[in-house]
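The values are calculated or read from the model by the stated rules, or taken from the named source; none is laboratory data. On a predicted model such as this, the values are computed, not experimentally measured, just so you know. Every residue, glycine among them, receives a Cβ derived from its backbone with ideal geometry; neighbour counts consider all protein chains shown. The area values use the complete protein model at the heavy-atom level, side chains included, leaving out ligands, DNA and RNA. Shrake-Rupley method; radii C 1.70, N 1.55, O 1.52, S 1.80 Å.
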Amino acid sequence: DAGITQSPRHKVTETGTPVTLRCHQTENHRYMYWYRQDPGHGLRLIHYSYGVKDTDKGEVSDGYSVSRSKTEDFLLTLESATSSQTSVYFCAISPAEPSYEKLFFGSGTQLSVL
Amino acid sequence: QQPVQSPQAVILREGEDAVINCSSSKALYSVHWYRQKHGEAPVFLMILLKGGEQKGHEKISASFNEKKQQSSLYLTASQLSYSGTYFCGTEGGGANNLFFGTGTRLTVIP
């Protein structure tokens, strides 16, 4: 199994508070992704990174920011959490662009915003 | 950019076959297939590349029609372990990201 760890695994927070989710990898993979999963919507891309300090937006990036200061860590921040951001968040990593290489997913973070 | 999957759900008896379809409105370079068990992370099954190169799983096959921007996943002689939600992921070439469909829930019963 790929060495990818998400923390925390579960979090409950209140509307309006900032929240940071962490994705840590030990594979030295270049690409890292944050997806959210909601019933009826499948997996939707929030942000992704193709190298240290190189990030870009996905299809549902509003209200989220990311940072990648080291190869192994990719942080997702909800600047001011809202109830619509209640979801399961998955981090994924890949050694190369998805034209050629598969994604490895972390175990997910269940986030509840009350 | 999210691809469309069909059917949304299917129930099979052990030993039966199933086909899951994935289509995109954009030109595709590659298509990925993943399976997710309830409460777990998605797991890679297969990647299909433009030009016909295929990688992946031994007992599940797939096709990729570049002109129609479609892919199909074939599950033959289904087993109980095939149960889960299947996702296709697509990208258009030269992109650094992957967009997933809404998933197909497959249930195999004895």
Identity of the residue in the stretch A:23-63, among the β-branched types (Val, Ile, Thr) and open to solvent by 10 Å² or more (accessible area, probe 1.4 Å), that ends up farthest from the other protein chains (Cβ to nearest Cβ): A:THR26
Just to be sure before I move on: is B:GLN2 in contact with a strand residue (DSSP E or B) (Cβ under 6 Å, 6 or more places away or on another chain), facing chain A (nearest Cβ under 10 Å) and touching a residue at least 24 places away in the same chain (Cβ under 8 Å) in the structure I sent? yes
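Do you know which residues across the stretch B:65-85 are part of a strand (DSSP E or B), more than 11 Å from every other protein chain (Cβ to nearest Cβ), surrounded by 17 or more Cβ atoms within 10 Å (Cβ to Cβ) and not hydrophobic (A, V, I, L, M, F, W, C)? I'd like the intermediate steps shown before the answer.
Of the residues in the stretch B:65-85, the ones part of a strand (DSSP E or B) are B:65, B:70-75, B:84-85.
After this cut, where a residue has to be more than 11 Å from every other protein chain (Cβ to nearest Cβ) as well, the list is B:65, B:70-75, B:84.
Applying the additional criterion that residues be surrounded by 17 or more Cβ atoms within 10 Å (Cβ to Cβ) yields B:70-73, B:75, B:84.
Matches in the stretch B:65-85: B:GLN70, B:SER71, B:SER72, B:GLY84.
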Residues (modelled with pLDDT of 95 or more and surrounded by fewer than 21 Cβ atoms within 10 Å (Cβ to Cβ)) located in the stretch B:86-109: B:ARG105, B:THR107, B:VAL108, B:ILE109
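State which residue is most open to solvent (accessible area, probe 1.4 Å) when the search covers only the stretch B:27-44 and only residues that are more than 9 Å from chain A (Cβ to nearest Cβ) and at pLDDT 85 or above. Break it down into steps so the answer makes sense when it comes.
Applying the first criterion (more than 9 Å from chain A (Cβ to nearest Cβ)) to the stretch B:27-44 yields B:27-28, B:31, B:33, B:35, B:37-38.
Narrowing further to those that are at pLDDT 85 or above: B:31, B:33, B:35, B:37-38.
Numbers: B:VAL31: 1, B:TRP33: 0, B:ARG35: 43, B:LYS37: 64, B:HIS38: 184 Å².
Ranking the qualifying residues of the stretch B:27-44, first place goes to B:HIS38.
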Please enumerate the residues belonging to the stretch B:12-27 that are closer than 22 Å to A:LEU43 by Cα and either touching a His at 6+ places or on another chain (Cβ under 7 Å) or assigned to a strand (DSSP E or B) (or both). B:VAL19, B:ILE20, B:ASN21, B:CYS22, B:SER23
Give the residue that is farthest from A:TYR50 (Cα to Cα), with candidates limited to residues of the stretch A:80-113 that are away from every other protein chain (no Cβ under 14 Å), surrounded by 14 or more Cβ atoms within 10 Å (Cβ to Cβ) and not small (Gly, Ala, Ser). A:VAL113
Elements of type strands (runs of 3 or more DSSP E) in the stretch A:12-99, at least 2 residues being out of contact with any His (no Cβ under 7 Å at 6 or more places or on another chain) and farther than 19 Å from B:GLY89 by Cα: A:19-25, A:64-70, A:73-78
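Can you find even one residue in the stretch B:28-47 that is among the small types (Gly, Ala, Ser), assigned to a loop (DSSP other than H, G, I, E, B) and without any contact (Cβ under 8 Å) to a residue 24 or more places away in the chain? Give the steps one after another, and end with the answer.
Going through the stretch B:28-47, the residues among the small types (Gly, Ala, Ser) turn out to be B:30, B:39, B:41.
With assigned to a loop (DSSP other than H, G, I, E, B) added as a condition, the list becomes B:39, B:41.
Within this subset, residues satisfying the condition of being without any contact (Cβ under 8 Å) to a residue 24 or more places away in the chain are B:39, B:41.
Checked against the condition, which is being among the small types (Gly, Ala, Ser), assigned to a loop (DSSP other than H, G, I, E, B) and without any contact (Cβ under 8 Å) to a residue 24 or more places away in the chain, the stretch B:28-47 yields at least one hit.
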Would you confirm, using the coordinates I've provided, whether A:SER69 is small (Gly, Ala, Ser), facing another protein chain (nearest Cβ under 9 Å) and more than 12 Å from the chain's Cα centre (by Cα)? no
